[in-house]
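Peer 1: Here's a structure for you.
The values are calculated or read from the model by the stated rules, or taken from the named source; none is laboratory data. Please read these numbers as outputs of a predicted model, since none were measured by experiment. Note: ideal-geometry Cβ built from the backbone for every residue, glycine included; neighbour counts use all protein chains shown. Heavy atoms of the whole protein, side chains included, go into the accessibility calculation; ligands, DNA and RNA do not. Shrake-Rupley method; radii C 1.70, N 1.55, O 1.52, S 1.80 Å.
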Number of protein chains: 2
Amino acid sequence: MTVDIITIGDEILIGQIVDTNSAWMSRHLGDIGATVRRKYSIGDSAEEIRAAIAESLAASNVVITTGGLGPTKDDITKRVLAEMFGSPLVRDEATYERVERIMALRGIEFNELNKAQALVPACCRVLPNHKGTAPGMWFDTPEGGVVICLPGVPFEMEALMEESVLPLLRERFELRSVVHRTAITFGLAESMMAQLIAPWEDALPEELHLAYLPSPSQLRLRLSAYDVEESEARKAIDRQFELLMPLLGDYFVGWEGDTVQSVVADLLLARGESLAAAESCTGGALSAKFTAMSGASAYFMGGVVSYSNEVKNQVLGVSADDLNKYGAVSEPVARQMAEGVRRVCGTTWGVSTTGIAGPTGGTPDKPVGTVWMAVAGPDGTEALCLNHGRLRAQNIERAATAAINMLRLRLLK
Amino acid sequence: MTVDIITIGDEILIGQIVDTNSAWMSRHLGDIGATVRRKYSIGDSAEEIRAAIAESLAASNVVITTGGLGPTKDDITKRVLAEMFGSPLVRDEATYERVERIMALRGIEFNELNKAQALVPACCRVLPNHKGTAPGMWFDTPEGGVVICLPGVPFEMEALMEESVLPLLRERFELRSVVHRTAITFGLAESMMAQLIAPWEDALPEELHLAYLPSPSQLRLRLSAYDVEESEARKAIDRQFELLMPLLGDYFVGWEGDTVQSVVADLLLARGESLAAAESCTGGALSAKFTAMSGASAYFMGGVVSYSNEVKNQVLGVSADDLNKYGAVSEPVARQMAEGVRRVCGTTWGVSTTGIAGPTGGTPDKPVGTVWMAVAGPDGTEALCLNHGRLRAQNIERAATAAINMLRLRLLK
């Protein structure tokens, strides 16, 4: 069974947005043992949509489209599908009521454009969209193929895939078995990790495949087995990870779904401890990593974004002399920020960052990318200096994660 | 003249990496008036590469492939092209010498794999790669089409496009002119915007095309003209946007590249004013929007992430009585947070958010999604209550942007 993915929208074709949907879909299709044969990106053109779907159905059993389902005139996927399947557009009552409810909740008038969101080709199976207005649609072709249309908004597409598409595909097709397990690591670059675990990797049994999946905030190590008996494969993979653990040591953060911050959250909750953050160069991004997780208020009390020296001094109590003498990006300032926010917020732990995010502002002594970070706790304060290079967004992301990782290592001690 | 882009590589097809190359290529092709008809992503399979190139050439004059040119076994593009054009692989002396030089520079042995990088089909025009080892290749088909093969490494592909491909395409084809302009709006959902500007949209001249490009933090309106004399088209588009402006009013934020926060930053800088943020439900995300922009320290002094009531009271001076009486998510608390952070940080403006991000924590009075926000300034404090629904990540993103937009409207007064 193979899948073709078609992303529809002029905005992708002219390069105004980068298509991240199809990578997400590929990963999740791969997880259930489906193989993606091809991806297409095409424009908002009825002719192109028809042609691409027809071509895909000639080679693959399943075609999934994203995009072109919105309420405005340039969104034409639904109309094209209705024509292709010779099926009239009819109102789906469940969708109609849901859109009406959403509009009322948002205080938006339930106008003709919104009402049209509830129109679907009569022959399709409606896949309810609990995160937005445009429903997903599932079409069975006379030849035994399947065409699935999803909205292009990433979190709507993701919810529809997880709630409807992936389970329905599993029901419908005999998928080859595939078993994955992924370990999350932090602190070593891909090439150094490869060197560290080379003896283990070289001794892996032939049927297990290792993939390195790097991102700015973690390096994931995935072991996969294909076309195997599932419980045996799980055992074989678990056995290999057991062998890997002594090599990984503290670089091991957790398993798929864990992040450095989720592990710190679990540790703090288990210990009944609390945290506050003092951020200069990360400017709110470190706090946002905790507050993005539901339930953060149980351990995360808040913090101070001390972007200016005045705020560092007046709100956090960083010594004005030290700010003058050592500069804002320095070990004494990082330490006093962590200690200050711990005191001001009355928490068990205080974590801080102060650095030069770039792209400008560096000096010969403190080049762009220099970040001092500190963790203050009941048993004292530790500080660390790192440099992640010249790119602002990457520096902010990596400094925030590295500071949280410092706290993780401290909590594990 | 139309172009098809084919990205080659299993890592894209299984979703291990997101394809950013094709968006970059599309933008730059669009800038010279070339239209991208379709993008394909296919795997490292000789059969798929042959099929995709043949399909593309049947519909487009130009096919550009990226990827599959490296020295390892799974990189097969060059071999497939040599077979397709019935042309033997021969050594390109200039490439051979360049690769030899690069290897010496990097201290890497100049082995058979590296020497093979200098082999190219005899019939192609070699496009020199000054940033890496694999050269680009330009093939003319007997039917007048063009196949261009580029490496998949982004900065190598970009340099080859700018130095060779774009200039050569301009020489070879009579390209149509294309003009885009995009207005950024905030505050109206797509369907309501469509209704608001319907009279204007219906009266658009036929040669101008409107697209709605929504995202959680803005709605972009793009006007495009194709096959037109460029300066005339620019004038026509500008004229239409002039007509649109009175309808958009304050919903208009700026032009492509602007965001609500970049416009606020420009306004603050122009006025020599400063800002601090007091965040509860947005938990750092609002501050992070400013500090993500280089140069933020000129106007953004920092702020307080007052996630707990204690921090609201002790750091920002929010009345403990009011916290008890009205609750943390209330107008008096939002006002006192904005006023408190303005006072504590000594800034011209203070902005605040306090709400229930979800998915839990709602009450009948204050359902999930309820957010109070306030702006405190020299001429007093304003507050506003919004509800963006049940999804945590969306609530945080939208509340942060809406609060910044409140400040934008205040600065525009």
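Peer 1: Looking at region B:227-239, I want the residues that are within 9 Å of residue B:179 (Cβ to Cβ) and have a partner that is assigned to a helix (DSSP H, G or I) and of a type in the set (D, E, K, R) with Cβ atoms under 7 Å, at least 6 apart or on another chain. Which pairs are those?
Peer 2: As it stands, the answer is none, since no pair meets every condition given.
Peer 1: Right, something else. Could you say which residue among B:170, B:181, B:176 is at pLDDT below 95 and part of a helix (DSSP H, G or I)?
Peer 2: Result of the check over B:170, B:181, B:176: B:170.
Peer 1: Looking at (1) within 22 Å of residue B:77 (Cα to Cα); (2) of a type in the set (S, T, N, Q); (3) surrounded by fewer than 20 Cβ atoms within 10 Å (Cβ to Cβ), can you tell me which one residue B:195 breaks?
Peer 2: Among (1) within 22 Å of residue B:77 (Cα to Cα); (2) of a type in the set (S, T, N, Q); (3) surrounded by fewer than 20 Cβ atoms within 10 Å (Cβ to Cβ), residue B:195 violates only (1).
Peer 1: Inspect all residues belonging to region A:393-407 and state whether any of them is within 14 Å of chain B (Cβ to nearest Cβ), open to solvent by less than 10 Å² (accessible area, probe 1.4 Å) and farther than 30 Å from residue A:272 by Cβ.
Peer 2: Yes.
Peer 1: Also: For region B:1-113, which fully contained helices (runs of 4 or more DSSP H) count at least 3 residues that are among the polar types (S, T, N, Q)?
Peer 2: Hits in region B:1-113: B:21-31.
Peer 1: Would region A:379-392 turn up any residue that is within 13 Å of chain B (Cβ to nearest Cβ) and open to solvent by 50 Å² or more (accessible area, probe 1.4 Å)?
Peer 2: The answer is yes, given that some residue of region A:379-392 is within 13 Å of chain B (Cβ to nearest Cβ) and open to solvent by 50 Å² or more (accessible area, probe 1.4 Å).
Peer 1: So the check is Cβ under 7 Å with 6+ separation or different chains; which pairs have a first residue in region A:306-333 that's over 17 Å from residue A:371 (Cβ atoms) and a second one that's among the polar types (S, T, N, Q) and open to solvent by 70 Å² or more (accessible area, probe 1.4 Å)?
Peer 2: The qualifying pairs are A:308/B:297.
Peer 1: Oh, and also: Consider only pairs whose beta carbons are under 6 Å apart and that are at least six residues apart or on different chains; among these, list those whose first residue lies in region A:102-118 and is at the interface with chain B (Cβ under 8 Å from one of its Cβ atoms) and whose second residue is small (Gly, Ala, Ser) and open to solvent by 20 Å² or more (accessible area, probe 1.4 Å).
Peer 2: Close Cβ pairs satisfying both conditions: A:108/B:189.
Peer 1: Being more than 20 Å from residue A:261 (Cα to Cα), more than 32 Å from the chain's Cα centre (by Cα) and open to solvent by 30 Å² or more (accessible area, probe 1.4 Å) narrows it down to one residue among A:307, A:326; which is it?
Peer 2: A:326
Peer 1: Return yes or no: is residue B:21 open to solvent by 40 Å² or more (accessible area, probe 1.4 Å) and polar (S, T, N, Q)?
Peer 2: For residue B:21, the condition - open to solvent by 40 Å² or more (accessible area, probe 1.4 Å) and polar (S, T, N, Q) - is not met.
Peer 1: Sticking with this structure for a sec: Anything in region B:350-375 that is more than 16 Å from residue B:282 (Cβ to Cβ) and surrounded by 15 or more Cβ atoms within 10 Å (Cβ to Cβ)? List them, or say none.
Peer 2: Matches in region B:350-375: B:362, B:366, B:367.
Quick grid of which residues meet (1) more than 14 Å from every other protein chain (Cβ to nearest Cβ); (2) under 30 Å from residue B:199 (Cβ atoms):
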site	(1), (2)
B:225	no, yes
B:244	yes, yes
B:256	no, yes
B:288	no, no
B:300	no, no
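Peer 1: If the requirement is being under 23 Å from the mean Cα position of the chain (by Cα) and either more than 11 Å from chain B (Cβ to nearest Cβ) or over 18 Å from residue A:157 (Cβ atoms) (or both), which of these qualifies: A:12, A:32, A:76, A:49?
Peer 2: Exactly one residue qualifies, and that residue is A:32.
Peer 1: Let me ask something additional. I'd like the full set of residues that are modelled with pLDDT of 90 or more and under 30 Å from residue B:399 (Cα atoms), limited to region B:201-221.
Peer 2: If the condition is that a residue be modelled with pLDDT of 90 or more and under 30 Å from residue B:399 (Cα atoms), then B:201, B:210, B:218, B:219, B:220, B:221 are the ones that fit.
Peer 1: Could you grab me the full set of residues in region A:65-93 that are without any contact (Cβ under 8 Å) to a residue 60 or more places away in the chain, among the small types (Gly, Ala, Ser) and open to solvent by less than 30 Å² (accessible area, probe 1.4 Å)?
Peer 2: A:82, A:87 - these are the residues of region A:65-93 that are without any contact (Cβ under 8 Å) to a residue 60 or more places away in the chain, among the small types (Gly, Ala, Ser) and open to solvent by less than 30 Å² (accessible area, probe 1.4 Å).
Peer 1: Here is a follow-up. Does any residue of region A:42-64 turn out to be among the hydroxyl-bearing types (Ser, Thr, Tyr), touching a strand residue (DSSP E or B) at 6+ places or on another chain (Cβ under 7 Å) and either without any contact (Cβ under 8 Å) to a residue 40 or more places away in the chain or more than 19 Å from residue B:13 (Cα to Cα) (or both)?
Peer 2: no
Peer 1: Hey, among the residues in region A:302-321 that are more than 7 Å from chain B (Cβ to nearest Cβ) and part of a loop (DSSP other than H, G, I, E, B), which one's farthest from residue B:304 (Cα to Cα)?
Peer 2: The selected residue is A:319.
Peer 1: Restricting the search to region B:160-188, which residues are out of contact with any helix residue (DSSP H, G or I) (no Cβ under 7 Å at 6 or more places or on another chain) and open to solvent by less than 50 Å² (accessible area, probe 1.4 Å)?
Peer 2: B:160, B:164, B:165, B:168, B:169, B:173, B:175, B:182, B:184, listed by residue number.
Peer 1: Pairs under 6 Å by beta carbon, first residue under 13 Å from residue A:223 (Cα atoms) in region A:179-198, partner not in a strand (DSSP E or B), six or more apart or different chains?
Peer 2: What qualifies is A:179/A:230; A:179/A:233; A:179/A:234; A:181/A:237; A:182/A:256; A:184/A:258.
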